[in-house]
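Input: a single structure, listed below in structure tokens.
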Amino acid sequence: MFQEVLGAYGLNVEKFKIEPFGSGLINHTWKAYSEEVAYILQEVNTEVFRQPQNIAQNIETIKKYLDQTAPKYLFVAPISTSNGDDFVVLDDHFYRIFPFVENSCSIDFVHHPEQAYHAAKQFGKFTRMLGAFNVKKLKPTIEDFHNLPLRVEQFKTALEQASAEKIKEAKFAIEEIIRHYDIEEQYGHMVDSGALNLRVVHHDTKISNVLLQIDTGVGLCVIDLDTVMPGYFISDVGDMMRTYLSEANEEEKDFSKIAIREDVFAAIHKGYMEEMDQVLSFTEKQFFIYAGKFMIYMQAVRFIADFLNGDTYYKTNYADHNLVRGLNQIDLLNKYIAKEPGFEEVITKINQDRVSNSKTILN
């Protein structure tokens, strides 16, 4: 396989070392490198991305726009094959190659606020750079990816069809999801009222999807662009909240380790709003905190629905794995909600400091 793929780019496989690369769970990724050059080789997971050409078209459309409007912006797009194709297709498997960005690194967990700040700033910058881009030119790469009303409907259907045993086992989780139905109701009101503007958003803002400078830790750019499509800013902000705020991730079984770090929340707000403050409407800014509830709740709903359905979507490593994941996210959600007054104070202080700094500069 490697010989055919590299050969399609005019590369001699014998000159390269090829090793698995990164921690992504969707696509298969390798680093192919020689003494002179390095590439990222990737197989697209067509079980998740059923129309990979939509990904290629979106990335190419955005690249052309950024080449014209922001030629210095680091946008890591796939390289075309020697024939000008977007992919190498072998037995219905889709492969592509990216340039490897030298002196860059990615991390899997947020260990300190500065990392969250740089990541949030890069995701905000990405959306800001595409503020004037016509989002209607982009195609969905995963239909209804962050459609919360649909996810709640799927949960209700799973609940109707689940066995009595599974319902009994997931009793607390089910009650908690139902108790927080207001999160989905608020989302519906926001969308129906036009309170949220459709923008180009990344949709998968985990920390590993940002490249950082090896020496300084400063953000370079966002990567893994397969989920870039029209959406609402709460998807990007919410996913950062969900994956950055607690050192314990969704796989943690000991929920006592799940804790909300207010300094990381402050870093996310500061970094993102440095780029997006002039882009978001006044109304949108009022939903910054809501974004966290939106994403955490949706993931809890999806895990519990999958458990009730018999684990048909997410891969599991042990019995009740999806139930544990769902309960983990419910615990995170409740701890997040308990912190909301503190989040309000954090935002107020950041805004006051920004005004104060502006006055100092003017004087």
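The values are calculated or read from the model by the stated rules, or taken from the named source; none is laboratory data. Since the structure is predicted, the reported quantities are computational estimates derived from the model, not experimental observations. Please note: Cβ atoms are built from the backbone with ideal geometry, for glycine as well, and neighbour counts cover all protein chains shown. Side chains are part of the model used for accessible areas, which takes the heavy atoms of the whole protein and leaves out ligands, DNA and RNA. Shrake-Rupley method; radii C 1.70, N 1.55, O 1.52, S 1.80 Å.
Residues in the range 42-79 that are in contact with a helix residue (DSSP H, G or I) (Cβ under 8 Å, 6 or more places away or on another chain) and under 19 Å from ALA8 (Cα atoms): 3 in all.
Of ALA319, ALA291, all but one fail to be modelled with pLDDT of 95 or more and small (Gly, Ala, Ser); the exception is ALA291. Taking the range 50-80 as the range and being assigned to a loop (DSSP other than H, G, I, E, B) and open to solvent by less than 50 Å² (accessible area, probe 1.4 Å) as the test, the residues that pass are ALA70, TYR73, PHE75, VAL76, ALA77, PRO78.
Each row is one residue, and each column tells you yes or no for (1) outside any loop (DSSP other than H, G, I, E, B); (2) basic (Lys, Arg); (3) in contact with a Cys (Cβ under 8 Å, 6 or more places away or on another chain); (4) more than 11 Å from ILE97 (Cβ to Cβ).
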position	(1), (2), (3), (4)
LEU6	yes, no, no, no
LEU11	no, no, no, no
GLU19	yes, no, no, yes
TRP30	yes, no, no, no
GLU36	no, no, no, yes
ILE40	yes, no, no, no
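The conditions of being free of Cβ contacts under 8 Å to residues at least 60 places away in the same chain and either open to solvent by 30 Å² or more (accessible area, probe 1.4 Å) or at negative phi (or both) are not met by TYR336.
One residue stands out among those in the range 81-95 that are touching a strand residue (DSSP E or B) at 6+ places or on another chain (Cβ under 9 Å) and part of a loop (DSSP other than H, G, I, E, B): the one that is farthest from GLU275 (Cα to Cα), which is THR81. So which residues in the range 116-157 are closer than 30 Å to ILE304 by Cα, open to solvent by less than 50 Å² (accessible area, probe 1.4 Å) and not in a helix (DSSP H, G or I), if there are any at all? Matches in the range 116-157: THR141, ILE142, PHE145, HIS146, ASN147. Please verify whether the range 96-106 includes one or more residues that are in a loop (DSSP other than H, G, I, E, B) and open to solvent by 80 Å² or more (accessible area, probe 1.4 Å). Scanning the range 96-106 turns up at least one residue that is in a loop (DSSP other than H, G, I, E, B) and open to solvent by 80 Å² or more (accessible area, probe 1.4 Å). So which strands (runs of 3 or more DSSP E) are wholly in the range 158-225 and hold at least 2 residues that are of a type in the set (Phe, Trp, Tyr), at pLDDT 95 or above and open to solvent by less than 40 Å² (accessible area, probe 1.4 Å)? Passing ranges: none, list empty. All of ALA291, ALA319 fail the test of being within 28 Å of GLN154 (Cβ to Cβ) and open to solvent by 40 Å² or more (accessible area, probe 1.4 Å), apart from ALA319.
Residue by residue, here is whether (1) under 24 Å from the mean Cα position of the chain (by Cα); (2) modelled with pLDDT under 90; (3) of a type in the set (A, V, I, L, M, F, W, C) holds:
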site: ILE18; (1), (2), (3): no, no, yes
site: GLU35; (1), (2), (3): no, yes, no
site: GLN53; (1), (2), (3): yes, no, no
site: ASP92; (1), (2), (3): no, yes, no
site: VAL110; (1), (2), (3): yes, no, yes
